[in-house]
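Quick notes on the structure that follows.
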Amino acid sequence: MTDARMWLPEPEVFRDEAALFEAAAETISRALRASQNANRRTTFVLAGGQTPREVYRKLAAAKTGVEWDRVEFFWGDERCVPPTSPDSNFRMAQECLLSGLKVPENHVHRIRAEMPDSEAAARSYVEEIRAAFAGAALPRFDVVLLGMGTDGHTASLFPGTHWDENRLIIVNEAPNPPRRRISMTPRLINAAAHVVFVVSGPAKAKALKQILNDPACDLPAGMIRPTNGTLTWLVDHAAAS
Ligand code: 6PG
């Protein structure tokens, strides 16, 4: 019996962060253009943390050929903080990407994670996603950008945490502050057409090696295997060491 978990693509390895971020911006804009050639509207799920900052800046500055006014933006996860907080993934994307583009306001679907009732925020995000996909039971995003933590987490899916895999959006607890998070589940992410990981630095080498080489590995970033889409791991030499 072939174990579906055996299959993961070879990562594309770049000599340093600068080359990695350049390649990531090119990979993402190519996937967005491919979607725009086939559809009127393109949906792009953004990652948080620090790694995407430079990638977003390149996407905003470069002549990518992407018609940004036809892209709808979503987030893979968000910290339960105000959108003005330095910890906010929305604020980071706003600063590094969206402020540099002409994007209609109703194309920016941020997670309202500052709501006191995080479960209500998660449910309302599901409704917002469903509305953007004409009520589809399992929405298929065109492009999903993901990072990975040194512990092998992705989005806000942390090792040792559990979630209802029937759900699309969950509330979860991070090991480090800000602890309360809202996140897409692997079920929703794996429905996407193109998933792109961008991972840099030696601190992530151990988790990356486990995920890409150990079929028994159960780290959350290893659970991302698009059911009917492409998966691309873009890493720098330090992370692949
Ligand atoms: C977040 C991200 C998270 C991130 C990893 C890697 O909310 O922090 O969504 O999953 O991608 O923690 O973070 P760095 O890019 O900062 O290493």
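Just one of (1) touching a strand residue (DSSP E or B) at 6+ places or on another chain (Cβ under 9 Å); (2) away from the ligand (no atom under 14 Å from the Cβ); (3) in a loop (DSSP other than H, G, I, E, B); (4) farther than 22 Å from Trp68 by Cα trips up Arg123, so point out which.
(3)
Could you list, in sequence order, all residues of the stretch 94-120 that are farther than 22 Å from Ala191 by Cα and either within 16 Å of the ligand (Cβ to nearest atom) or among the small types (Gly, Ala, Ser) (or both)?
From the stretch 94-120, those farther than 22 Å from Ala191 by Cα are 94-106, 112-120; that's our starting set.
Listed by number, the residues that qualify are Gln94, Glu95, Cys96, Leu97, Ser99, Gly100, Arg112, Ala113, Glu114, Ser118, Ala120.
Checking Pro139 against (1) in a loop (DSSP other than H, G, I, E, B); (2) within 12 Å of the ligand (Cβ to nearest atom); (3) more than 24 Å from Arg57 (Cβ to Cβ), only one condition comes out false. Which one?
If we test Pro139 against (1) in a loop (DSSP other than H, G, I, E, B); (2) within 12 Å of the ligand (Cβ to nearest atom); (3) more than 24 Å from Arg57 (Cβ to Cβ), just (2) comes out false.
How many of the residues making up the stretch 72-93 are among the aliphatic types (A, V, I, L, M) and either in contact with a strand residue (DSSP E or B) (Cβ under 6 Å, 6 or more places away or on another chain) or more than 12 Å from the ligand (Cβ to nearest atom) (or both)? Steps first, please.
In the first step, residues of the stretch 72-93 are kept if they are among the aliphatic types (A, V, I, L, M); the result is 81, 92-93.
Filter once more, keeping what is either in contact with a strand residue (DSSP E or B) (Cβ under 6 Å, 6 or more places away or on another chain) or more than 12 Å from the ligand (Cβ to nearest atom) (or both): 93.
Total satisfying the criteria: 1.
Looking only at the stretch 36-46, which residues are open to solvent by 10 Å² or more (accessible area, probe 1.4 Å) and closer than 19 Å to Val108 by Cβ?
Listed by number, the residues that qualify are Gln36, Asn39, Arg40, Arg41.
Given the conditions (1) over 21 Å from Pro226 (Cβ atoms); (2) in contact with a Pro (Cβ under 7 Å, 6 or more places away or on another chain); (3) among the small types (Gly, Ala, Ser), report the number of the one that Ala120 does not fulfil.
(2)
In the stretch 24-66, what residues are among the aliphatic types (A, V, I, L, M) and either more than 16 Å from the ligand (Cβ to nearest atom) or in contact with a Gly (Cβ under 9 Å, 6 or more places away or on another chain) (or both)?
Ala31, Leu32, Ala34, Ala38, Val45, Leu46, Ala47, Leu59, Ala60, Ala61, Ala62, Val66
Residue pairs, Cβ under 6 Å, 6 or more apart or interchain, first in the stretch 45-60 and within 22 Å of Pro178 (Cβ to Cβ), second open to solvent by less than 60 Å² (accessible area, probe 1.4 Å) and assigned to a helix (DSSP H, G or I). List them.
Leu46/Ala93; Gly48/Asn89; Arg53/Cys96; Tyr56/Cys96
Return the residues of the stretch 144-194 that are outside any loop (DSSP other than H, G, I, E, B) and open to solvent by 50 Å² or more (accessible area, probe 1.4 Å); say none if nothing qualifies.
First, the residues of the stretch 144-194 that are outside any loop (DSSP other than H, G, I, E, B): 144-146, 154, 157, 169-173, 180-184, 186-189, 194.
Listed by number, the residues that qualify are Glu173, Arg180, Arg187, His194.
In this structure, does Ala155 turn out to be over 20 Å from Leu32 (Cα atoms), at pLDDT 95 or above and touching a Ser or Thr at 6+ places or on another chain (Cβ under 6 Å)?
So Ala155 fits the description; yes.
Scan the stretch 71-102 for residues that are in contact with a His (Cβ under 7 Å, 6 or more places away or on another chain) and open to solvent by less than 10 Å² (accessible area, probe 1.4 Å) and jot them down.
Step one: of the stretch 71-102, the residues in contact with a His (Cβ under 7 Å, 6 or more places away or on another chain) are 71-74.
Val71, Phe73, Phe74 - these are the residues of the stretch 71-102 that are in contact with a His (Cβ under 7 Å, 6 or more places away or on another chain) and open to solvent by less than 10 Å² (accessible area, probe 1.4 Å).
Taking the stretch 89-113 on its own, how many of its residues are basic (Lys, Arg), modelled with pLDDT of 95 or more and outside any helix (DSSP H, G or I)?
So the answer is 2.
Which pairs do you get when a residue that is over 11 Å from Asn89 (Cβ atoms), found in the stretch 173-184, comes within reach of a residue that is aromatic (Phe, Trp, Tyr) and near the ligand (Cβ under 10 Å from one of its atoms), reach meaning Cβ atoms under 9 angstrom, with the pair 6+ apart or on two chains?
Here the result reads Glu173/Phe158; Ala174/Phe158; Pro175/Phe158; Met184/Trp75, each pair linking the stretch 173-184 to a residue that is aromatic (Phe, Trp, Tyr) and near the ligand (Cβ under 10 Å from one of its atoms).
The values are calculated or read from the model by the stated rules, or taken from the named source; none is laboratory data. As the structure is a prediction and not an experimental result, all values here were calculated from the model. Neighbour counts run over all protein chains shown; Cβ positions are idealised from the backbone, glycine included. For the accessible areas, the whole protein counts, side chains as well, though only heavy atoms, and no ligand, DNA or RNA atoms are used. Shrake-Rupley method; radii C 1.70, N 1.55, O 1.52, S 1.80 Å.
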